[in-house]
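Working notes for the structure below.
Just so it is clear, none of the values below were taken in a lab; they were calculated from the coordinates. Computed from a prediction, not measured in an experiment: that's the story for all the values here. Here the Cβ positions follow ideal geometry from the backbone for every residue, glycine too, while neighbour counts run over all protein chains shown.
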């Protein structure tokens, strides 16, 4: 599972793409999504990409903020 298909015309380096993909896998795992692409997974990926565009690049932080965006709060 990767964010790469949704990155058309985006300027991210390979490390940032890997970090976003790591966050995507972690969020989808936490939400119980299977390892496949569908509209919900795409929405999660888009949220992660938007956060990265705003300067959030750490995969753990991307995961936490994305879960909050989907109203999932963890301690």
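What the table shows:
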quantity: Alpha carbon Rg of the stretch 19-69, scaled by the compact-globule rule 2.2 N^0.38 Å; calculated: 0.99
quantity: Relative contact order (%) - criterion: Cα under 8 Å, at least six apart; region: the stretch 13-69; calculated: 45
quantity: Burial ordering of 28, 60, fewest other beta-carbon atoms within 10 Å first; calculated: 60, 28
